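Beneath this line is the structure, given in structure tokens, with notes to follow.
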Amino acid sequence: MTWLITGGAGYIGAHVVRAMAEAGERTVVYDDLSTGLAERVPDGVPLVAGSTLDGDRLARALAEHSVTGVVHLAAKKQVGESVDHPLEYYRENVEGLRVLLEAVTAAEVPSFVFSSSAAVYGMPDVDLVREETPCVPLSPYGETKLAGEWLVRATGRATGLSTASLRYFNVAGAAAPELADVGVSNLIPMVFEKLTENLAPRIFGDDYPTPDGTCVRDYIHVVDLAEAHVTVARALQSSAGHDLTLNIGRGEGVSVREMIDHIYAVTGYHRPPTVTPRRPGDPARVVASADRIAVELGWEAKHDVEDMITSAWAGWVRTHPEAART
Ligand code: UD1
């Protein structure tokens, strides 16, 4: 098997490439390098620089590398930006996927894994979010992921393409410092940034209906997430006609306050947080039921929040050496 990993030079994609290689699968990275970094692609893995909107380039890459499966991660993923630029998000995330599926079906590639998001659920009013929990996305970003799932499923049903949509919960951590997320748009790096600048980390609201009043999320180590891709890819390979939708989380809720306490323990910084007003659109609690993938494919996460923060911190210190404390 040769897997084309779109977005394979990105934070999550680079971890998927690495996990695939460790499992003995051949990979080719397809990435427009808009946010991806060529140096994240390991030696020996071909890198095709191209957009998922470029059907000819995709068709050539699929043929030249005899691709037998695609893992599609290339997408835009900033919720706030998607509110301001919905057309860009629909073009990249939905039209890009449509063009890719056209190339995939024309080349008769049999397997397709789609990177979706817990953002499809919006503001779920349940303790544990199951795959059948209604999807009511709150942002254009979440809408494009839900529309993407529909497109993937419909194509599978019409053509026999084996498909899986993976709904990622809150991804964190790194397999190695050089693979860490370089963006500062999620809780852990945002707290790192404040602490490094000797400022108070911010809690966006502590009046939510949760045990300590702060939002609760399901954090998943990117190494576990990458291994889930290998498990799913193998399942698609092993028999045709799959049509899977799976949560990828740990099934364990952690509050913002608890995360900040873990960050203090790992980093040695202890500056108390400031509570600011709620960030618009934040649900109080989003925690996965991780049962379906465990029952159907025998996969479950191995790493805890401590591992996520420790490995993310090693990546942060690599790019912010002034943050290190002896
Ligand atoms: C966000 C996206 C979600 C995406 C996910 C992973 C939104 C509304 N949702 O989820 O679609 O799938 O990232 O990329 O943007 N927080 C603070 N202080 C901070 C930073 C964050 O209190 O300095 C809180 C947030 O209010 C939230 C929690 O920490 O309750 C997690 O925030 P974040 O890491 O941005 O992820 P989500 O908002 O859950």
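Any read-out appearing in this document is the output of simple, stated calculations on the displayed coordinates, not a laboratory observation. On a predicted model such as this, the values are computed, not experimentally measured, just so you know. Here the Cβ is made from the backbone with ideal geometry for all residues, glycine too, and neighbour counts use every protein chain on show.
Please report Met190, Met308 as a ranked list, fewest other C-beta atoms within 10 angstrom at the top and most at the bottom. If you can, show how the numbers build up before the last one.
On the way: Met190 15, Met308 26.
Placing the least packed residue first, the sequence is Met190, Met308.
Provide Rg over Rh for segment 1-134; use the alpha carbon set for both Rg and the Kirkwood Rh (inverse mean inverse pair distance).
Values: Rg = 15.5 Å, Rh = 15.6 Å.
That ratio equals 0.99.
Here the Karplus relation 6.51 cos²θ - 1.76 cosθ + 1.60, evaluated at θ = phi - 60°, turns the backbone of segment 198-212 into coupling constants of 6, 10, 6, x, 9, 10, 7, x, 10, 10, 7, x, 10, x, 10 Hz, with x for every Gly and Pro. For segment 170-279, the spherically averaged projection of the C-alpha convex hull amounts to 8.8 nm².
Neighbour counts of C-beta atoms inside 10 Å place His262, His65, His229 in the sequence His65, His262, His229, starting with the fewest. In the chain, the DSSP beta bridges split such that about 5 percent are antiparallel, to the nearest 5.
Note on Arg234 and Leu37: their simple-model spin labels are 3.0 nm apart, each label 7 Å out from Cα toward Cβ.
Label sites at Asp125 and Glu22, each approximated as a point 7 angstrom past Cα along Cα to Cβ, lie 4.2 nm apart.
Jot down the per residue volume, in cubic angstrom and as a whole number, of the convex hull over the alpha-carbon atoms of segment 205-261.
Working: hull volume 5.2 nm³, N = 57.
So the per-residue Cα hull volume is 92 Å³.
Taking amide H positions as modeled 1.01 Å from N, with prolines and chain starts lacking one, the residues under 5 Å from Asp243 and 5 or more places away or on another chain are Thr163. Residues in segment 28-45 carry Karplus couplings, in order, of 10, 9, 10, 8, 8, 6, 6, 10, x, 10, 4, 5, 7, 7, x, 4, x, 9 Hz; the curve used is 6.51 cos²θ - 1.76 cosθ + 1.60 with θ = phi - 60°, and Gly or Pro positions show x.
Amide H contacts under 5 Å for Leu138: Gly122, restricted to partners 5 or more places along the chain or on a different chain, H placed in the peptide plane at 1.01 Å from N.
The fewest-to-most ranking of Asp181, Asp43 by surrounding Cβ atoms within 10 Å reads Asp43, Asp181. The charge dipole of the chain, taken about its Cα centre with unit charges on the Cβ atoms of Lys, Arg (+1), Asp and Glu (-1) only, comes to about 120 debye.
Rg over Rh of segment 66-179, using C-alpha atoms and the Kirkwood radius, what does it come to? It would help to have the intermediate numbers written out before the result.
On the way: Rg = 14.9 Å, Rh = 15.0 Å.
For segment 66-179, the value is 0.99.
Extent along the principal axes, Cα only, for the chain: 56, 42, 39 Å, with the longest axis given first. In sequence order, segment 279-290 has phi-based couplings of 7, x, x, 7, x, 5, 8, 9, 10, 6, 8, 9 Hz under the Karplus curve 6.51 cos²θ - 1.76 cosθ + 1.60, θ = phi - 60°, and Gly or Pro positions carry x. Per residue, the chain reaches -11500 deg cm²/dmol at 222 nm when only DSSP H runs of four or more residues are counted, each adding -39500 (n - 2.57). Working from Cα pairs under 8 Å separated by at least six residues, relative contact order for the chain is 19 percent. Put simply, the amide H of Val171, placed in the peptide plane, has neighbours under 5 Å in Ile220, leaving out anything fewer than 5 places away on its chain.
Once the Cα-Cα distance is subtracted from the 0.36 nm per residue extended length, the Ala294 to Glu108 segment shows a gain of 64.0 nm. Could you work out which residue, out of Leu62, Leu246, Leu87, moves most in a Gaussian network model of the chain, that is, has the largest mean-square fluctuation with Cα springs under 10 Å? Fluctuation is largest for Leu87.
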